[in-house]
Amino acid sequence: VQLVESGGGLVQAGASLRLSCAASGRTFSSYTMGWFRQAPGKEREFVAAVSWRVGITYYADSVKGRFTISRDNAKNTVYLQMNSLKPEDTAVYSCAASRSVVDAREVRADYWGQGTQVTVSS
């Protein structure tokens with residue numbers, strides 16, 4: 001099983017980035033796919049999640065209205081569109097497959113990607 005993130009980088013405040021998470025190795029239709037982030041010196045936190053089967057989305061309050069999670073079933077890929085980025089969004093962003101949105105919000109997952117760095121300068 002592999003979850004491979006891409007799309008991170010260094011941007012200025014106010015810019016946008018789109019992260020991708022390519023999933024392979026098993027069927028994820030029963031999972032809730034999530035994006036998480038970990039800033040230096042802080043614990044990993046939930047950012048957003050989407051139920052693979054029906055596409056219902058969930059967001060942390062800190063990103064609601066700025067970030068959009070989506071999935072492309074044909075490509076087995078989950079995306080995180082990040083707009084109006086702020087310096088406090090700087091972190092390593094990881095995607096993961098959780099058994100439920102409850103698990104995702106509590107940062108529990110069965111499978112994790114390796115992460116991609118997002119740095120937002122002021």
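The values are calculated or read from the model by the stated rules, or taken from the named source; none is laboratory data. The model shown is predicted, which means the values in this text are computed figures rather than measured ones. Cβ coordinates were reconstructed from backbone atoms using ideal geometry, including for glycine residues, and neighbour counts include every protein chain displayed. The area values use the complete protein model at the heavy-atom level, side chains included, leaving out ligands, DNA and RNA. Shrake-Rupley method; radii C 1.70, N 1.55, O 1.52, S 1.80 Å.
Pulled fully out, how much extra length does the chain show between Glu88 and Ile56, if you take 0.36 nm times their separation in residues and subtract their Cα-Cα distance?
So the chain would gain 8.9 nm between Glu88 and Ile56.
In the neighborhood of Lys42, defined by Cβ-to-Cβ distances under 13 Å, what is the net charge if each Lys or Arg adds +1 and each Asp or Glu adds -1?
Taking every Cβ under 13 Å from that of Lys42, the sum is -2.
Where Lys and Arg each count +1 and Asp and Glu each count -1, what net charge lies around Ile69 among other residues with Cβ under 14 Å from its Cβ?
That works out to +4.
From the Cα gyration tensor of region 65-110, with a ≥ b ≥ c the square roots of its eigenvalues, which class applies: rounded if a/c is under 1.5, or else prolate if a/b is larger than b/c, or else oblate?
On the way: a/c = 2.14, a/b = 1.26, b/c = 1.69.
Oblate, because a/c is 1.5 or more while a/b does not exceed b/c.
At a 1.4 Å probe radius, carbon and sulfur cover how many percent of the accessible area of region 16-93? Before the final figure, lay out the partial values.
On the way: 1710 of 3760 Å².
Reported share for carbon and sulfur atoms: 46 percent.
Taking the alpha-carbon distance from Lys64 and a cut-off under 20 Å, which lysines remain once sequence neighbours fewer than 8 residues away in the same chain are dropped?
Lys86
Kindly report, to the nearest 10 Å², the accessible surface of Leu85 as traced by a 1.4 Å probe over protein heavy atoms only.
It works out to around 0 Å².
Using protein chains only and a probe of 1.4 angstrom, how many square angstrom of Ile69 are accessible, to the nearest 10?
Estimated to the nearest 10 Å², Ile69 gives 10 Å².
Using a Förster distance of 35 Å, how high is the FRET efficiency between Arg105 and Gln12, based on the Cβ-Cβ distance and rounded to 0.05?
Working: r = 30 Å, r/R0 = 0.86.
Calculated transfer efficiency: 0.70.
Tell me the mean residue ellipticity at 222 nm calculated for the chain from its helices only (DSSP H runs of n ≥ 4, each -39500 (n - 2.57), averaged over every residue, nearest 500).
Result for the chain, helices only: -1000 deg cm²/dmol.
Would you kindly state how much longer the chain becomes between Ser24 and Ala74 on full extension, computed as 0.36 nm times their sequence separation minus their alpha carbon distance, in nm to one decimal?
16.8 nm
If you look at just the Cα atoms of the chain, how large are its Rg and its Dmax in Å?
Values for the chain (Cα only, Rg and Dmax): 13.1, 40 Å.
Probe radius 1.4 Å, ligands and nucleic acids left out: which of Asp89, Asp110 has the largest accessible area, and how do the rest follow?
Sorted descending by solvent-accessible area, the residues read Asp110, Asp89.
Count charges around Val78 for me, please; just the other residues with Cβ under 12 Å from its Cβ, Lys/Arg as +1, Asp/Glu as -1.
For residues surrounding Val78, the net value is +1.
For Lys42, go through the aspartates and glutamates and keep the ones whose alpha-carbon is under 18 Å away, minus same-chain ones fewer than eight residues off.
Asp61, Glu88, Asp89, Glu106
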